[in-house]
Ligand SMILES: [Zn+2]
């Protein structure tokens, strides 16, 4: 493939030959070989493909196949009832997500039956702590049968209310039997349309079963992105050439933080197995705990803090000293900023999802969308890193803004070393590239996936806006 007249790293009208998955030649006025596919960039820029350093593919695919049951999609019981009735997904169950009590009050099976009773339905409360099923759902799960799980909620007559608290594990086993594997193909193409050529799946429960599903999707060409898989201690080494094993993922539950010794032991055990760790830290307390333990044990290359939602100056000092990588989600500032201003301790507000302070301290800073918990388009995260404004237009942490180039850099480093400088486009590099529809001097103003013309992974076009 020959891309002609491209703007590459500020130099315009360069030609780029891709062959065997790599950048084979860069120069001016390259002559197309017989039969070679030639794409005229018309002066538009070519940049490295994006790597989303923190995403949850299965959960995102499942969310794509679900009915949104809360604001901003649905506001009252009538809208909810209609959304459920109009749903045309496959499978026996309807799955709803994001329910908020402001829609139709507290839900139980009877209330849900009034809204929809033609198929079994399960709706997840926005808190993530509860699922609600209707009566057909209750029957399908055996809640009314002889052998229901012991501790489900019941009404005064001993009948199951359909409200299931913190039972995801139990539910997952039952549901998976009559559920198809999430549609990774559709999702993967959508990510390609944002310019994503690689992802790190940060799901802590990834193990052998998930690896098999992903490797099969890679082999079938349904999953188009390079994949780094974080996961549990049981996660084996992948065998597919597009897959890598990443860090051992540790979730810190803020309501129930582990003891210092127990976290220490988890980290040491992972390090002994030569695996770095990635610790989920959203609050000040969880970050200080993680850093305290890191100071006691030691760090190895690849150790990371996920989110670092609140990073006070004293924590930043330690992160710098221990050379830990941070993977952040700047778009939470946009998507959730208004709620943060209401709910987060004013003392912590200046330290929310910091960006510039990390770069100035020399801390490697990578970006991830955390989709489905954030929007999966990395360009929205870049935009938010530059603007730092909430949906209602309030600015959070004005000292933490990035330049468009720094924001792009959050998503262009390699999966093993998030936050290291993006590789310049050079001979021999793997041809994970994005062709935009305009020069970088214009694209940097926009910072949007609408500027994309084609996404190339290992020298192959995996997505194009229109025929090239
Ligand atoms: Zn996550």
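Data for the structure
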read-out	value
Net length gained if the chain between residue 102 and residue 285 were fully extended (0.36 nm per residue, minus Cα distance)	62.8 nm
Inverse of mean 1/r across different Cα pairs in region 2-43, Kirkwood, Å	10.3
Region 236-265 versus region 25-67: alpha-carbon centroid distance in Å	30
164, 410, 322 arranged by Cβ crowding within 10 Å, fewest neighbours leading	322, 164, 410
Percentage relative contact order, region 256-375, counting C-alpha pairs under 8 Å, at least six apart	24
Computed over the chain: relative contact order in percent, which uses C-alpha pairs under 8 Å that are six or more apart	18
Helix axis angle, 208-219 relative to the chain longest principal axis, alpha carbon, degrees	40
Projected label distance in nm at residue 157 and residue 349, using a 7 Å step from Cα toward the beta-carbon	5.0
Two-site FRET efficiency, residue 467 against residue 119, from Cβ-Cβ distance with R₀ of 25 Å, rounded to 0.05	0.05
Inter-site label distance for residue 403 and residue 297 at 7 Å from Cα along Cβ, in nm	3.8
Once the Cα gyration tensor of the chain is diagonalised, semi-axes √(5λ) in Å	39, 28, 22
Theoretical FRET efficiency, 1/(1+(r/R0)^6), r = Cβ-Cβ of residue 11 and residue 222, R0 41 Å, to 0.05	0.65
Sequence of 281, 451, 395 once ranked by neighbouring C-beta atoms within 10 Å, starting from the fewest	395, 451, 281
Taking 382, 58 and counting other C-beta atoms within 10 Å, the order from fewest to most	58, 382
Three-way shape label, region 183-225, alpha-carbon gyration tensor, a/c 1.5	oblate
In degrees, nearest ten, helix 331-343 long axis to first principal axis of the chain (Cα)	40
Those residues of region 73-99 whose amide nitrogen sits under 17 Å from the label point placed on residue 338, 7 Å along Cα→Cβ	73-76
Gyration tensor over alpha-carbon atoms, region 66-177, equivalent ellipsoid semi-axes in Å	22, 15, 13
Relative contact order of region 2-43, pairs being alpha-carbon contacts under 8 Å that are 6 or more residues apart, as %	46
Separation of the residue 173 and residue 257 label points, Cα + 7 Å toward Cβ, nm	3.3
Degrees, to the nearest 10: 77-86 long Cα axis against longest axis of the chain	70
Against the rule of thumb 2.2 N^0.38 Å, how large the Cα Rg of region 234-346 comes out	1.15
DSSP-defined antiparallel bridges as percent of all bridges, region 1-136, nearest 5	55
Whole-angstrom gap from region 429-468 to region 108-140, using each part's C-alpha centre	43
Cβ-Cβ FRET estimate between residue 274 and residue 59, R0 fixed at 35 Å, reported to 0.05	0.80
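Coordinate-derived values only; no laboratory data. Because the structure is predicted, anything quoted here is derived from the model rather than measured. Note that each Cβ is placed from the backbone with ideal geometry, even for glycine, and that neighbours are counted across all protein chains shown.
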